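This report refers to the structure that appears directly beneath it.
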Amino acid sequence: MRSTGEVMGIGGSFETAFYNAELSAGSPLPTKGSVLISVSDKDKSEILPLAKRLQKFGYKILATKNTAKYLLSKKIKTKLVSKIGEGEPDVVHSIKSGKIKLVINTLSGKKSKVDGYLIRRTSYKESVPLITTIRAAEMAVQTMSLLKRKQIKPICLQEIYKNRNNSN
């Protein structure tokens, strides 16, 4: 999400525009399934309310060791996924197998940067939405909660153009 891209999203609300941008990028936000959360220590307290909301809306939470330990200590049902090279199936294998539908991954430290690169690359190749900041994660979770309640519908540019011309 930090890098620039060649897509845009439009809509009547920020959430709709965000959803349409993800859809245009080829990695639509999921309406069900598992979300991988692997965040730096400084982001753990901020990810907690987001993990609670995801769980409330029926998403399964998967996390790497330290994030899982934190979430479990806060009573969030969490399944442990191995980091790269720490057991099978690891994060990359879980993304490739289709078990993970969304990745929330913030970075810290040298090993995290290497792991993060592999996670990002695999997410991109498999068209799994990847969120790399807490602010973007907040928007993604808000958007996903509206999707679950069917309060967001995709809009294509042609529809807007057609409606605009019809109103003139």
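Structure data summary
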{"item": "Positions within segment 32-46 being outside any helix (DSSP H, G or I), of a type outside the set (Lys, Arg) and surrounded by fewer than 16 Cβ atoms within 10 Å (Cβ to Cβ), in sequence order", "result": "Gly33"}
{"item": "Filter pass, Pro49 being in a loop (DSSP other than H, G, I, E, B) and not small (Gly, Ala, Ser)", "result": "no"}
{"item": "Lys79 of a type outside the set (Val, Ile, Thr), surrounded by fewer than 20 Cβ atoms within 10 Å (Cβ to Cβ) and in a strand (DSSP E or B)", "result": "yes"}
{"item": "Per-region count, segment 125-145, residues more than 14 Å from Asp43 (Cβ to Cβ), in contact (Cβ under 8 Å) with a residue 60 or more places away in the chain and not small (Gly, Ala, Ser)", "result": "7"}
{"item": "Criterion: hydrophobic (A, V, I, L, M, F, W, C) and either more than 16 Å from Arg135 (Cβ to Cβ) or in contact with a His (Cβ under 7 Å, 6 or more places away or on another chain) (or both) - qualifying residue of Leu107, Leu72, Leu50, Leu102", "result": "Leu72"}
{"item": "Matching residues, segment 88-146, being touching a Gly at 6+ places or on another chain (Cβ under 7 Å) and farther than 21 Å from Leu48 by Cβ", "result": "Ser127"}
{"item": "Cβ pairs under 6 Å, 6+ apart, first in segment 51-70 and within 20 Å of Met139 (Cβ to Cβ), second surrounded by fewer than 20 Cβ atoms within 10 Å (Cβ to Cβ) and among the small types (Gly, Ala, Ser)", "result": "Phe57/Ser145"}
{"item": "Matching residues, segment 55-67, being assigned to a helix (DSSP H, G or I), closer than 24 Å to Lys148 by Cβ and of a type outside the set (S, T, N, Q)", "result": "Lys56"}
{"item": "Hits in segment 47-59 - residues which are surrounded by fewer than 20 Cβ atoms within 10 Å (Cβ to Cβ) and out of contact with any Lys or Arg (no Cβ under 7 Å at 6 or more places or on another chain)", "result": "Pro49, Lys52, Arg53, Lys56"}
{"item": "Residues of segment 91-119 satisfying the condition of being in contact with a strand residue (DSSP E or B) (Cβ under 8 Å, 6 or more places away or on another chain) and surrounded by fewer than 18 Cβ atoms within 10 Å (Cβ to Cβ)", "result": "Lys99"}
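Quick grid of which residues meet (1) touching a Leu at 6+ places or on another chain (Cβ under 8 Å); (2) at pLDDT 95 or above; (3) farther than 14 Å from Ile104 by Cα:
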{"residue": "Leu50", "(1), (2), (3)": "no, yes, no"}
{"residue": "Leu54", "(1), (2), (3)": "no, yes, no"}
{"residue": "Phe57", "(1), (2), (3)": "no, no, yes"}
{"residue": "Lys77", "(1), (2), (3)": "no, yes, yes"}
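The values are calculated or read from the model by the stated rules, or taken from the named source; none is laboratory data. Keep in mind that what you see is a predicted model, and the values were worked out from it rather than measured. Glycine also receives a Cβ, built like all others from the backbone with ideal geometry; neighbour counts cover every protein chain displayed.
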